[in-house]
Amino acid sequence: MTHKRNLRTFLLLQLRRLGWLCKKPTEPTKRLRVARTIWPDERITSIDAERHVWVEMKKTGRKNCQFDSDTMSCPCGVKTVEQFYKGCIKK
């Protein structure tokens with residue numbers, strides 16, 4: 001039984017390497033999308049406020065960073081938080 005299974009796995013892997021076999025397409029997983037945080041003392045914090053705090057904390061660690069957390073842009077060309085996360089390009 002194990003010999004048959006090993007042979008079948010070997011053949012399928014070889015076919016995949018040759019390009020004759022493809023992986024089955026997978027559906028994207030359902031994810032939880034958070035819009036706000038509710039604290040135990042009934043304070044509600046939006047994600048935008050938490051993003052602003054995160055950006056300000058990152059700016060303190062970067063020397064001469066001019067990223068504006070209100071407009072989410074920088075004079076060096078960074079226009080999104082994702083680009084800011086990857087790093088500013090200093091000109």
Check: Of 46, 76, 15, which is farthest on the positive side of the dipole of the chain, counting Cα position, with +1 on Lys and Arg Cβ, -1 on Asp and Glu Cβ, and the Cα centre as origin?
Finding: 15
Next item on the list: With springs only between Cα atoms under 10 Å apart, run a GNM on the chain and tell me which of 20, 39, 54 wobbles the most.
Entry: 20
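Using the beta-carbon distance between residue 73 and residue 44 and R0 = 25 Å, what value does 1/(1 + (r/R0)^6) give for FRET efficiency, to the nearest 0.05?
E(calc), rounded to 0.05, equals 0.35.
Any idea what the dipole of the chain comes to, in debye rounded to 20, about its Cα centre with Lys/Arg Cβ at +1 and Asp/Glu Cβ at -1?
Dipole about the Cα centre, nearest 20: 960 debye.
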Notebook entry, point to check: Which GluC sites (Glu not before Pro) from the range 1-82 combine a DSSP loop assignment with at most 14 other Cβ atoms within 10 Å?
Noted result: 42
Margin query: How long are the semi-axes of the equivalent ellipsoid of the range 46-91, defined as square roots of 5 times the Cα gyration tensor eigenvalues? Whole Å, largest first.
Written below: 17, 11, 8
Next item on the list: Tabulate in residue order the Karplus-calculated ³J(HN,Hα) for the range 69-79, using 6.51 cos²θ - 1.76 cosθ + 1.60 with θ = phi - 60°, rounded to whole Hz; enter x for Gly and Pro.
Entry: 6, 7, 8, 6, 8, 9, x, 7, x, 6, 10
Note to self: Given points 7 Å out from each Cα along the Cα-Cβ axis, report the residue 27 to residue 9 separation in nanometres with one decimal.
What the structure shows: 2.8
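Going through the range 1-79, which trypsin sites (Lys or Arg not before Pro) have at most 16 other Cβ atoms within 10 Å and a DSSP loop state?
Taking the range 1-79 and a limit of 16 other Cβ atoms within 10 Å, the loop trypsin sites (Lys or Arg not before Pro) found are 23, 30, 31, 33, 43, 62, 63, 79.
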Next item on the list: Would you grab the residues whose amide H sits under 5 Å from the one on residue 73? Only those 5+ places off in sequence or on another chain, please, with H modelled 1.01 Å from N.
Entry: 68
Note to self: Can you sort 18, 11 from fewest to most other Cβ atoms within 10 Å of each residue's own Cβ?
What the structure shows: 18, 11
Notebook entry, point to check: What Kirkwood hydrodynamic radius, in Å, does the chain give when the mean of 1/r is taken over all pairs of distinct Cα atoms and then inverted?
Noted result: 18.2
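Quick note: the coordinates plus some simple rules give every number you see, no bench work behind them. On a predicted model such as this, the values are computed, not experimentally measured, just so you know. When we count neighbours, we look across all protein chains shown, and the Cβ atoms used for this are built from the backbone with ideal geometry, even at glycine.
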